[in-house]
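This report concerns only the one structure given below.
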Amino acid sequence: MKLICRDIVLKSWSGLIIALALIASSAQVDTRAGFAAESLTANGKISWMTGSTITVESNSGPVVVKLADKTIIRNEVPVKFSDITSGMYVGATAQKQADGTFRASRLHIFSEDQRGVGEGHRPLGTAPQSGATMTNANVESVDDVAVENVKGRLLTLKYKGGVIKLLVPENTPVIKRVVSDRKMLRPGTTISASGTRAEDGAIAASQITVRAEVK
């Protein structure tokens, strides 16, 4: 009888040890997978900086951002309407018109190292119910036009899987992104920083864009 009880106890302990080992193993895999997949973005003004660490005042509170040697800094510069040319890679926020074309409310000209980023045509991510769209594509052609007394440029945008016609009225904000350096980072500057979560909870920035002030 004692032998049977001892066997039952040993089997129970063995089962418990195996179960705990499996739980520990699963937890380790889940944690690593979650950490590797985490990508973060902070938008706001720089309130403080020292060395390679800056603090960004975002809508949800202060966020610490850390720079590394490989962090890419880009600067947004307002450019003239006439600076839009074929061959550029752009991002356009627009609304679809009754004739099937799209009318831009804002146009970003990407820096050359960003060519191909986010390529495609889709609902605007920040306002998917508004009917606005976002198109990241190559400018195939540019034509000066006047549509219903609105002067502008008609762009043919080509992306993988499609083509759209985009009317850019002459008063549309046009922003160009250029690769820059850390001299552009200073208190009061509005930035967008993206990267992964560092061990101390800060954002280890892979890229930072200094936002243009568009009136």
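The values are calculated or read from the model by the stated rules, or taken from the named source; none is laboratory data. The structure presented is a predicted model; accordingly, all values stated were derived computationally and were not measured. Backbone-built Cβ (ideal geometry, glycine too); neighbour counts: all protein chains shown.
Tabulated data for the structure shown
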{"quantity": "Selection from the range 129-150 of residues that are within 30 Å of the chain's Cα centre (by Cα) and outside any strand (DSSP E or B)", "calculated": "Gln129, Ser130, Gly131"}
{"quantity": "Condition check for Ala205: assigned by TED's automatic domain parsing to the domain that holds Asp69 and of a type in the set (Gly, Ala, Ser)", "calculated": "yes"}
{"quantity": "Filtered residue count, the range 160-194, keeping only those that are free of Cβ contacts under 8 Å to residues at least 60 places away in the same chain, within 27 Å of Ile73 (Cβ to Cβ) and in contact with a Gly (Cβ under 9 Å, 6 or more places away or on another chain)", "calculated": "0"}
{"quantity": "Index of the failed condition, Val90 passing every other in (1) surrounded by fewer than 15 Cβ atoms within 10 Å (Cβ to Cβ); (2) at pLDDT 95 or above; (3) within 19 Å of the chain's Cα centre (by Cα)", "calculated": "(1)"}
{"quantity": "The listed residue being of a type in the set (Lys, Arg) and part of a loop (DSSP other than H, G, I, E, B), out of Arg186, Arg122, Arg177, Arg153", "calculated": "Arg186"}
{"quantity": "Considering residues of the range 157-180 that are among the charged types (D, E, K, R) and within 22 Å of the chain's Cα centre (by Cα) only, the residue surrounded by the fewest Cβ atoms within 10 Å (Cβ to Cβ)", "calculated": "Lys160"}
{"quantity": "Matching residues in the range 85-102 - criterion: being within 12 Å of Leu167 (Cβ to Cβ) and either in contact with a helix residue (DSSP H, G or I) (Cβ under 6 Å, 6 or more places away or on another chain) or β-branched (Val, Ile, Thr) (or both)", "calculated": "Thr101"}
{"quantity": "Residue in the range 64-78 that is among the β-branched types (Val, Ile, Thr), buried (at least 16 other Cβ atoms within 10 Å of the Cβ) and closer than 24 Å to Ser141 by Cβ present", "calculated": "no"}
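Yes/no matrix, rows are residues, columns are (1) assigned to a loop (DSSP other than H, G, I, E, B); (2) within 29 Å of Ile175 (Cβ to Cβ); (3) modelled with pLDDT of 95 or more; (4) assigned by TED's automatic domain parsing to the domain that holds Pro173:
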| residue | (1), (2), (3), (4) |
| --- | --- |
| Cys5 | no, no, no, no |
| Leu20 | no, no, no, no |
| Ser26 | no, no, no, no |
| Thr31 | no, no, no, no |
| Gly44 | no, yes, yes, no |
| Thr55 | no, yes, yes, no |
| Pro62 | no, yes, yes, no |
| Gln95 | no, yes, yes, yes |
| Ala104 | no, yes, yes, yes |
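Residues are listed down the side, and each one gets a yes or a no for (1) farther than 23 Å from Gly120 by Cβ; (2) surrounded by 13 or more Cβ atoms within 10 Å (Cβ to Cβ); (3) not assigned by TED's automatic domain parsing to the domain that holds Arg115:
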position	(1), (2), (3)
Leu155	no, yes, no
Arg182	yes, yes, yes
Arg186	yes, no, yes
Ser192	no, yes, yes
Arg197	yes, yes, yes
Gly201	yes, no, yes
